[in-house]
Each structure stands twice: as C-alpha cells, then as structure tokens.
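To start, the structure under review is shown below, and the notes come after it.
The values are calculated or read from the model by the stated rules, or taken from the named source; none is laboratory data. What you are looking at is a predicted structure, and each value in this text was computed from that prediction instead of being measured. Using ideal geometry, Cβ is built from the backbone for each residue, glycine included, and neighbour counts are taken over all protein chains shown. For the accessible areas, the whole protein counts, side chains as well, though only heavy atoms, and no ligand, DNA or RNA atoms are used. Shrake-Rupley method; radii C 1.70, N 1.55, O 1.52, S 1.80 Å.
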Amino acid sequence: MAEWAAKNKTHLIYGLCTILFTLIITLSCWRMWGVDINVPLTGYRNDSVGMLLEASNFVRGGSAHVNVSYGAPYLYEYVGNFGDSSVPMPLIYLFWKITGSVEAGINLHTILNILLLAVAMFIVCIKLEIHDLPAMIAAIAYADSAYFLMYANTQLMIYSACFYIPLVCYWIIKLMRSNEEQMFTERHLIGNKPIFNTMDYIFAGAVMLFAGINSAYYAFLILLLLAFVGLYVLFVSKHVEHIGIVIFGIAAVIAGIAVYTLPKMLASMGYQELVVSLKAKFFLILLLCAILFLAVFGLLVKKVTLHITIRTVYIALGGIIGVGGILFLILKKYTDYLGTYDGRSWMSVEMGALRIVNMLLPAPNNFVSSVNQPLERLVDLDQGDYTINGVLAGIGYLYSLLHIFSYQKNNHSTLQQDKKKEILRICGLLNGFMTIVAIKGGLASLIAMYVMTGIRNYNRMCILIAVFSLISFAILLENCFAIAASWSKKAFKRAGYAGLGILSIFGLILSVPSYFVYKTQYGVPPYSQRKAEYDEWQRYMQAVEAQVPEGGMILELPLTIDDMYFGILMEEYGQAYELAVPAILSKTTSWSYATGHKGTTWKNAIKELNNIEDFLLLTGAYHIDGIYVDTLLYYDDSYTELLEALEQYLGKPLVCNDNRRFFYSMAAYNEELRKQYTTEELEKIKAEIEQQF
C-alpha cells in the first residue's frame, strides 16, 4: 500500500484537491455553511418531495415497493417508485441510522454524489493519461456544473445518483479505440489471448448494470450510445471481441432495467403479494439473478468471440434483433413504458430537445453578474432548462467536433500524441451523434413518433456530452501547456503557464453557478425561511401524532387539487406536493396521500357524498383516526364551510401557527360510531361503497 501511495503521490494530491475544491464550491453554491443539516436543501418543494417521501417510507417499511407512511387506508400494498429507481435508498437509510433524520440523509447523499462525480471524472482523465492539473479542472467543472447543482441534485433529486456516468463514458471510449492502440496500451494479443480480461468484463458489467438499475432516463440514453458504438465497431473497426463486449454491455444495461421494472411487471400480472411479502429481499434476489446471468453471459461472450469471424457476427446480429423484438413486445404488453406514456405527446419530446447553444454557454448564476444578464435572454431558465455545460465544456465540445475528420497518424508524432488525437476524434464522434439524437427534429423525434414518448427530455444527454467535452478540453489544455513548455526562454514559459492558469480559472468561474436557485424558481425560499418552515412542520406533526394512536390513519383534504391551480402552485410556489409532507415527517401514523387504484376508488366515493354525516360515516368505517385539511391547496375559499362542519361534529381542531393547516381527531366520533354499528355492519358499508365505485 505504501509503495502504491508513493508511486501515485501526485495523483493522490491532485485527487484530494479535486475533492476539497468541489466540496467548497458545492457547499457555497447550496449555502450549506453552518446550517441545520436536517433542513431539506430545497425545502418541501418541487419534484424532490417524491424522493423524500420514498426515503421516509423506506426507512419505516424497509422497502420502496410497500407503502407504510402513505396510501391510507390501503396500506402494505405494492407501490411503484416515485423516482427513476430506489438505488440510493439503502445509502440514505444508512445516513438516517447515523443522523436520525431522513432529510439529513437526503442532504448527505446529494453532497456525496457531487463528490463522487468529481472523483469519477478525475479517475477517467487519469486513466486516459491526461495530466493531473487539467484532469482536476475538468473534474471540478463537471461535478459542479449547473445541471447537477441547480437541477438533478436539488429540484429533481430522483436523477441525483448518477456518479457512474463518467465511468460509462470511459468504457465507451475504450471500446472505440483502434485495435492497434489497444494492443499498445492494454496488452499484446498473442494467439487467442483476449484483449479484454476478466476484470474488464467485471468493470463493464458492474457499471452498465448499475446504469440500468438506477435510472430509466440515463439507461435509455446510454443504450442509444451503446447502439452507436456497436455500429461503429461492427462496420468500422470490425474487431469481433469489441463487438462482443458491446453486446455484453447492452445486456448488462437491459438486465439492470429488468431488475428495476420486474416488480411493477409482476404486480401488474397479479403477483403483488409476492413483491410485498419479500420487501427489499425481492430487489436483492433480482439483483443476484442479474449478476449470475451476466457472469454466465460474459463468460460465454468472452469464449465465443475468440473463435468466430465477423461474418458469423453479422448472422448472429439478426438473431439479436429478433430477441430485441420479443423484449419490445413484452414491455409493450406488460408495462406502460412504450407508446404514449403518461399523456406525453411527440410535441412534449420536441420541447425537451437539446439546444446546441446550451453546450457553449456559461453557467446560470455564475460569479460574473455582467454575463448573467444576457444569459437570461438566451436560455429559458424560467422553465428550468439547466442543461448548460459551461464555458470549459463548450470549448471542449467545439474542439472535439473539429477532430472528427482531422485525425490521422503522423510519422512525426509520438504514440502519446496519436493516442490523444484518437481520443479527441472519438469524443467528437460521440458528441456529434448525441447532438443529432437530441436536437429538435433529431432522431429523438423519430423515437417518440414510432417507439415511445416516455423519454421526453433528451436534453439530459448534456451530462454525457459534458464528459466527452471536458475530456477534450483537458487534452487541449494539456497541449497548450506542452507548447508553453517548448518555449526556450524561461520568462516566456512562466508567462505562458500563468496565462493558461488564469484563463482556466476564469473559465471555471464561468462554468459553475454561485447560487443554486434562479430567481424564485419553484418557490425555493432562502435558508432562514426553510428552517422556520421545517421547525413549524416538525412541531405541528409531533402535536398531530400525539392525538392519534400508533399505526393510526389520517385522511388528507382536499382529495384532489384543481389542475390549473396545481400548475400555479408548482411553478410559482413549488408547493403542489404539500400533502406529501405529513407522510414524510410521520413517525407512527399513515396518511392518505398517493393512494393506489383502491384508494382512488375510495376517494371517488367520498367525492360523491352529499352531506357531512355520510362523509364521516364512511371515513369512520375505514378506521380513519383523523382528518387533516390544508387550506393552501384549495383554489377558492370553499374550505370554510367544510371547516365549520368538521368542527361541529369533531370539535376544535389543532391549528398550525400560520392558520393554514387544520387537524381534527376522530377518536370521540369513532367511539360513538362503534356503539351504533357493529363491525359487520361497518364492513357491509365499505363493501357496498367499493362495489358501487
């Protein structure tokens, strides 16, 4: 270990500096110096509430697919994920065990993800033999880009666990490098000795499997990229082993997607009890099956590719296309991932297309205010378009595209120079392909029209483009330092080094945001307000749960929110999901937020009732222990009559400090109800309601 550390001393120093600088920028951008780690980073606002709810439920119930804290009165049933996957949940659970707070667990998870992004990017650059300083700058620019600091780890936390993206990109570059290059840089091909060894397969399998499990969005985009790489090695490099490991990578991503989607598929096929009874064990079983499959499949691919020709591969390709067609039909029949998904149209895919100019622009809210003002006119930041890679990535993006047609081996260049030129060409090809896919009217439009609309924001390919672009920038910076080093006069050398250093720092300043909230995006308030809201929520929830027996269920009103008003609550205040907050904070109670099919039927029955007596009778029959009313979520003052009626029958409510939330205990009412009706009579009332609706 000591020998390894001494040998890699420079890498370790720069790596630690990368982590330190990334942490400083991240905490500064998120204003997390000296704050209460238990206060959610964006408050209980925007789409990240879903991850908070899932984490809280996971902590209480031990599974993302069994509802405990929400979905009353139908508890302990199968539920889908709120996010793309539940991969971060065990890590959040660990942080919860340490801190005692789900919110702290989420915050620590997001900070760790940013640091892991930086580390992964730095390692990738070092593996590509890029010098430490350019590698460090590229890693910081990537991890602290606007997409991660202002979007994926804050407003849309369900896409936060994406630290593996640079590793995926590294493997793709490795696959596209020439056979001769592989022989020089990896290991010599002697007889039937493979270019890729067992550890290569393990690395590829682990990274691609994790990509498939973790996110449907990123997994699908990576599959598109692997398809392009497959065509490249199939018709350009024509090396059988490269083709084999591309197929293995695609299989690993699909296996990951299967682990992620099988619970939902099995539940839709009538096996809900199996999924529910096994809880988190079911995920582990599926994961182990996927690993076993990949181990066997990888061994088969590794052996077979040593003994077949490219012609055999072309024939086998037809069979693979057939299997893909079968999988397509299975997904189309048993899931809602294909075709029109969740009401999304072809036009919504066009609206989420990539804007090429975003690949070149400075970060929003960067440290130079004079740059931020014109940026507002170029980018639709009010609609949350944070797919901006920054100045350094923009330079690398253009530099890589320029090398698509310029790369050729030079008799006067060194092997090291040829290797870097080939990497630049590969990065250019990949950036060019992704641009063609993701731009408005690109290949994404055809996918939406003929395959599915489930993936609508192809502009999220920016995080893949950013990796290849920043690798290209790091090589450019390295080349510039080499030119400065070649100057004979020391004064010129020093001036060249200083100039490059200043330009790089200035470029980095323009590439990272100084604050993660743009204006009042999604109503995210300053920390002082978030802290006050958090403390009030905690106080109020403790008071509510003190009035309800352990395991009690609470009905939340309004049952539904007006669609137009929902949009206003989301875009202006970020508070459209406020009914989820009690379930997030609950320790011993269950709430009616996010009910499944049965719960929706039950709520529809409640809507049809014409008077308060029938309403209370029905809620009492379902063993509801309290009624919670959030007046903010009513678009008019229709709740006033409801509050008066509830107070008349249930007594004085428990009111929050700002007179917005009201809780009515049903303890006394339920006691009287069970004196008037037997258990059988109440069950009959429930059965009649369920049969009717």
Among residues of the stretch 640-664, those that are in contact with a helix residue (DSSP H, G or I) (Cβ under 7 Å, 6 or more places away or on another chain) and polar (S, T, N, Q), counted: 1
Somewhere in the stretch 219-239, is a residue in contact with a Leu (Cβ under 7 Å, 6 or more places away or on another chain) and open to solvent by 10 Å² or more (accessible area, probe 1.4 Å)? no
Quick one: Thr600 ticks every box in (1) assigned to a strand (DSSP E or B); (2) among the hydroxyl-bearing types (Ser, Thr, Tyr); (3) open to solvent by 20 Å² or more (accessible area, probe 1.4 Å) bar one, so which box is it? (1)
Neighbours by Cβ (under 6 Å, 6+ apart or cross-chain): first from the stretch 164-182, within 19 Å of Tyr218 (Cβ to Cβ) and open to solvent by less than 20 Å² (accessible area, probe 1.4 Å); second assigned to a helix (DSSP H, G or I) and modelled with pLDDT under 90: Leu175/His242
Give me the residue from the stretch 616-649 that is free of Cβ contacts under 8 Å to residues at least 24 places away in the same chain and touching a strand residue (DSSP E or B) at 6+ places or on another chain (Cβ under 9 Å) and, out of that set, farthest from Met666 (Cα to Cα). Leu643
Just the residues that are in a loop (DSSP other than H, G, I, E, B) and either modelled with pLDDT of 95 or more or open to solvent by less than 10 Å² (accessible area, probe 1.4 Å) (or both), please, taken from the stretch 580-596. Ser586, Thr589, Ser592
Is it the case that Gln542 is touching a Lys or Arg at 6+ places or on another chain (Cβ under 9 Å), among the polar types (S, T, N, Q) and surrounded by fewer than 17 Cβ atoms within 10 Å (Cβ to Cβ)? yes
For the stretch 1-119, which helices (runs of 4 or more DSSP H) that fit wholly inside it have 1 or more residues that are of a type in the set (Ser, Thr, Tyr)? 9-29, 49-61, 89-99
Entirely in the stretch 195-292, the helices (runs of 4 or more DSSP H) that have 3 or more residues that are under 25 Å from Met461 (Cα atoms): 198-214, 216-232, 240-268
So how many residues does the stretch 652-690 have that are outside any loop (DSSP other than H, G, I, E, B), modelled with pLDDT under 90 and acidic (Asp, Glu)? 5
Between residues in the stretch 277-299 that are acidic (Asp, Glu) and residues that are surrounded by 12 or more Cβ atoms within 10 Å (Cβ to Cβ), which pairs lie under 6 Å by C-beta distance while being six or more apart or on different chains? none
I'm checking my understanding of the structure. Among residues of the stretch 650-693 that are in contact (Cβ under 8 Å) with a residue 60 or more places away in the chain and among the aromatic types (Phe, Trp, Tyr), which one is least open to solvent (accessible area, probe 1.4 Å)? Phe663
Can you report the number of residues in the stretch 512-535 which are in a helix (DSSP H, G or I) and either among the basic types (Lys, Arg) or open to solvent by 30 Å² or more (accessible area, probe 1.4 Å) (or both)? 9
Give the residue, chosen from Ala485, Ala491, that is in contact with a Lys or Arg (Cβ under 7 Å, 6 or more places away or on another chain) and either surrounded by 14 or more Cβ atoms within 10 Å (Cβ to Cβ) or over 15 Å from Thr387 (Cβ atoms) (or both). Ala485
Among the residues of the stretch 498-512, count how many are over 20 Å from Ala143 (Cα atoms) and in contact with a helix residue (DSSP H, G or I) (Cβ under 6 Å, 6 or more places away or on another chain). 1
Breaking point among (1) surrounded by fewer than 23 Cβ atoms within 10 Å (Cβ to Cβ); (2) of a type outside the set (Val, Ile, Thr); (3) at pLDDT below 90; (4) in contact with a Lys or Arg (Cβ under 9 Å, 6 or more places away or on another chain), for Glu478: (3)
Can you pull out the residues in the stretch 604-621 that are open to solvent by 30 Å² or more (accessible area, probe 1.4 Å) and of a type outside the set (A, V, I, L, M)? Asn604, Lys607, Glu608, Asn610, Asn611, Glu613, Asp614
Can you find a residue that is in contact with an Asp or Glu (Cβ under 8 Å, 6 or more places away or on another chain), under 25 Å from Lys531 (Cβ atoms) and at pLDDT below 90 anywhere in the stretch 58-72? no
Name the single residue, out of those in the stretch 364-380 being touching a Phe, Trp or Tyr at 6+ places or on another chain (Cβ under 9 Å) and open to solvent by less than 20 Å² (accessible area, probe 1.4 Å), that is nearest to Phe506 (Cα to Cα). Pro364
Of those in the stretch 396-416 that are part of a helix (DSSP H, G or I), at pLDDT 70 or above and open to solvent by 70 Å² or more (accessible area, probe 1.4 Å), the residue nearest to Arg177 (Cα to Cα) is Leu402
Can you name every residue in the stretch 121-136 that is open to solvent by 10 Å² or more (accessible area, probe 1.4 Å) and assigned to a helix (DSSP H, G or I)? Phe122, Ile123, Ile126, Lys127, Asp132, Leu133, Met136
Got a sec? Which of Ile505, Ile509 is of a type in the set (Val, Ile, Thr), without any contact (Cβ under 8 Å) to a residue 24 or more places away in the chain and in a helix (DSSP H, G or I)? Ile505
Quick check on the stretch 79-91: of everything there that is open to solvent by less than 40 Å² (accessible area, probe 1.4 Å) and within 17 Å of Lys279 (Cα to Cα), which residue is modelled with the lowest pLDDT? Ser85
Out of all the residues in the stretch 599-646, which are acidic (Asp, Glu), farther than 20 Å from Ala580 by Cα and under 37 Å from the mean Cα position of the chain (by Cα)? Asp636
